[in-house]
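Participant: Got a structure for you, questions after.
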Amino acid sequence: MRAIALKSLVILPIIAFVDYIIMIAVGCTGSLIGSTDNFYECTFCTIGKVVLIISVLAYVLMLIFDVKMFVESRKHAC
């Protein structure tokens, strides 16, 4: 279980950093193509929500897989 916690301590900041970089790229691209204020009030927010939801789902699936492997290894050890 300690390995799962350590993995989470490493992976969560990486996921947050990647999300941040994606949103920077979207914002810079939007600025370069001359987007209006409506883009940053509506579309940019929607893109951010989608990126965040995908990241959270990926993390939860990874966490479920790790816990499942941990439980199976505990069953075989006993």
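Participant: Within region 27-46, take every residue that is of a type in the set (A, V, I, L, M, F, W, C), without any contact (Cβ under 8 Å) to a residue 12 or more places away in the chain and assigned to a helix (DSSP H, G or I) and give me the one that is surrounded by the fewest Cβ atoms within 10 Å (Cβ to Cβ).
Facilitator: Here is the first cut: in region 27-46, the residues of a type in the set (A, V, I, L, M, F, W, C) are 28, 32-33, 39, 42, 44-45.
This time we only want the ones that are without any contact (Cβ under 8 Å) to a residue 12 or more places away in the chain, so: 28, 32-33, 39, 42, 45.
Still in the list and also assigned to a helix (DSSP H, G or I): 28, 32, 39, 42, 45.
Details: CYS28: 10, LEU32: 8, PHE39: 17, CYS42: 10, CYS45: 11.
This residue is LEU32.
Participant: Which of the residues belonging to region 7-26 are in contact (Cβ under 8 Å) with a residue 12 or more places away in the chain and among the β-branched types (Val, Ile, Thr)?
Facilitator: Listed by number, the residues that qualify are ILE11, ILE15, VAL18, ILE22, VAL26.
Participant: Considering only region 7-26, state which residues are surrounded by 10 or more Cβ atoms within 10 Å (Cβ to Cβ), of a type in the set (A, V, I, L, M, F, W, C) and within 23 Å of GLU72 (Cα to Cα).
Facilitator: Passing the criteria: only ILE11.
Participant: From the list LYS49, LYS75, which one is basic (Lys, Arg), modelled with pLDDT of 90 or more and out of contact with any helix residue (DSSP H, G or I) (no Cβ under 7 Å at 6 or more places or on another chain)? Working first, answer last.
Facilitator: Values: LYS75 fails: modelled with pLDDT of 90 or more.
The unique qualifying residue is LYS49.
Participant: Return a yes/no flag: does region 6-16 have any residue that is assigned to a helix (DSSP H, G or I), of a type outside the set (Phe, Trp, Tyr) and over 16 Å from the mean Cα position of the chain (by Cα).
Facilitator: Initial filter on region 6-16 (assigned to a helix (DSSP H, G or I)): 6-16.
The next check asks that each one be of a type outside the set (Phe, Trp, Tyr); those that pass are 6-16.
Narrowing further to those that are over 16 Å from the mean Cα position of the chain (by Cα): 6.
Looking for residues that are assigned to a helix (DSSP H, G or I), of a type outside the set (Phe, Trp, Tyr) and over 16 Å from the mean Cα position of the chain (by Cα), one finds at least one in region 6-16, hence yes.
Participant: Mind checking whether some residue in region 64-72 is surrounded by 10 or more Cβ atoms within 10 Å (Cβ to Cβ), more than 17 Å from the chain's Cα centre (by Cα) and among the charged types (D, E, K, R)?
Facilitator: Checking region 64-72: at least one residue is surrounded by 10 or more Cβ atoms within 10 Å (Cβ to Cβ), more than 17 Å from the chain's Cα centre (by Cα) and among the charged types (D, E, K, R).
The values are calculated or read from the model by the stated rules, or taken from the named source; none is laboratory data. Worth saying up front: this structure is predicted, and the values here are computed from it rather than measured. A quick note on method: Cβ atoms are made from the backbone with ideal geometry, for glycine too, and the neighbour counts reach across all protein chains shown.
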